[in-house]
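Here is the structure we will look at, set down as structure tokens.
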Amino acid sequence: MLILNCPYCGVSADETELTAGGEAHLTLATVGDDDAAFEAYLFMRKNPRGVHFERWRHANGCGKWFHAARCTMTLEVFGTYSAQTSEPPQEIIDSIKARRPDWALSDWMGTGKGDAV
Amino acid sequence: MYSAVSALNGVSNVGFATVTEMGLCGMITLRGDLADAKLAKVITSATGADVPAQRRVTTSGDHAVAWMSPDELLIMLPHDAADAMVATLTEGLSGQHVLVVNVSDARGVFTLSGDGARDVAAKLAPVDFATDAFDINDIRRSRLAQVPAAFWMSAPDTITIVAFRSVAQYVFDVLSKAVAQGSEVGFH
Ligand SMILES: [Zn+2]
């Protein structure tokens, strides 16, 4: 059972209180963007085996959206953080690196060398 | 003219704990910046209770103010006092970015009382109801079996439960089943 700490109300919420919101930190395509940008925004999603950043909503709870960093293989949770950010904060990056020394944010962003593990 | 009626008209069920629908209860949702000093002042002067800390409930006489989220309070008071309270708060907070709505008739309120109250709640919600994790005047929004609900430890051995009125019968039925004699847990 996945358990995430909601950064807004501070409870440890199990997944039956939560709604999954998919990949975090998407770039919104808008007026004037080309078809490729819209395709990327609407359809293209990462599917990493390892570290992943996601949006979750504390639906059966305070109702707030927040972000979570976790490992898709082990369900290890590296941390949760505010929804009001467009990238993971340094403390989350640090806690991931403490557990996955070879990992880099650029791996997840798709600008790095290989698979994020 | 019409008379207000609560969802289940005060029905109750006695098992190893007691479930009671509380009849008419006044409830007001207030959304705004809870850290704002003026808002705090208006709430305290209107209700007598301070703005509660995270997941806490403050009380003053028959008024209670519950923390529902970082920008949401639930004010509980006598049913017939709700409209006047909405007017007072709206007036006091004019010019501020807030929302004050009488939601009394959109909710159902239940109490779960008796020695087994914590055990019954723990059967139905993914929440730690141990005394050290859930003390008097703590409030926790979660789910009660399949529907959203808020749990408030309103007195020793009494949990007040607020749910949507549309699911009041479900809430009563599932609580009634959970208090059935012979299904005692004896954990808490
Ligand atoms: Zn929450």
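Here are the numbers for this structure:
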quantity	calculated
Relative contact order of chain B, pairs being alpha-carbon contacts under 8 Å that are 6 or more residues apart, as %	25 percent
Overall form of chain B per C-alpha gyration tensor (a/c, 1.5; a/b vs b/c)	prolate
Aspartates and glutamates with Cα under 15 Å of residue B:41, excluding same-chain neighbours fewer than 8 positions away	B:33, B:50, B:91
Simple label model, 7 Å out from Cα along Cβ direction - residue A:72 to residue A:91, nm	2.7 nm
Simple Cβ-charge dipole of segment A:41-117, Lys/Arg +1 and Asp/Glu -1, about Cα centre, in debye nearest 20	240 debye
Virtual spin-label span in nm between residue B:87 and residue B:137, 7 Å along Cα→Cβ	3.0 nm
Total accessible surface hidden between B and A, rounded to 100 Å², 1.4 Å probe	1000 Å²
Solvent exposure of the protein assembly as shown as accessible area per residue, Å², 1.4 Å probe	50 Å²
Farthest positive-ward along chain B dipole, Cα basis, beta-carbon charges - from B:129, B:84, B:147	B:147
Where no second cysteine Cβ lies under 4.7 Å, the cysteines concerned in chain A	A:6, A:71
List of segment B:59-83 residues, accessible area with partners at least 40 Å² below that of the chain alone (1.4 Å probe)	B:70
Sulfur and carbon atoms: percent of accessible area, chain B [1.4 Å]	52 percent
Listed residue (B:74, B:28, B:54) projecting farthest to the positive dipole end of segment B:26-104, Cβ model	B:54
Three-way shape call for chain A based on the alpha-carbon gyration tensor, with the a/c threshold at 1.5	oblate
Pair residue B:187, residue B:50: separation of 7 Å Cα→Cβ label points (nm)	3.4 nm
Theoretical FRET efficiency, 1/(1+(r/R0)^6), r = Cβ-Cβ of residue B:157 and residue B:11, R0 25 Å, to 0.05	0.75
Calculated FRET efficiency for the pair residue B:130/residue A:2, C-beta based, R₀ 30 Å, to 0.05	0.85
Chain A, relative contact order [Cα under 8 Å, separation at least 6], %	23 percent
Segment B:120-188: relative contact order in percent, alpha carbon pairs under 8 Å with at least 6 residues between	25 percent
Tensor-based shape of segment B:26-104 (alpha-carbon gyration tensor, a/c under 1.5 rounded, otherwise prolate or oblate)	rounded
Relative frequency of Cα-Cα separations exceeding 17 Å in segment B:130-188, percent	47 percent
Within 10 Å of each Cβ in A:56-66, the average number of Cβ atoms from other chains	4
Residue-wise HN-Hα coupling along segment B:131-136, computed from phi with Karplus coefficients 6.51, -1.76, 1.60 (Hz; x: Gly, Pro)	3, 6, 9, 9, 9, 3
Chain A - mean residue ellipticity at 222 nm from DSSP helices (-39,500 (n - 2.57) per run, n ≥ 4, rounded to 500)	-5000 deg cm²/dmol
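The values are calculated or read from the model by the stated rules, or taken from the named source; none is laboratory data. Keep in mind that this is a model prediction, so the values were computed, not measured. Note that each Cβ is placed from the backbone with ideal geometry, even for glycine, and that neighbours are counted across all protein chains shown. Accessible surface is based on the protein model in full, side chains and every heavy atom, while ligands, DNA and RNA are left aside. Shrake-Rupley method; radii C 1.70, N 1.55, O 1.52, S 1.80 Å.
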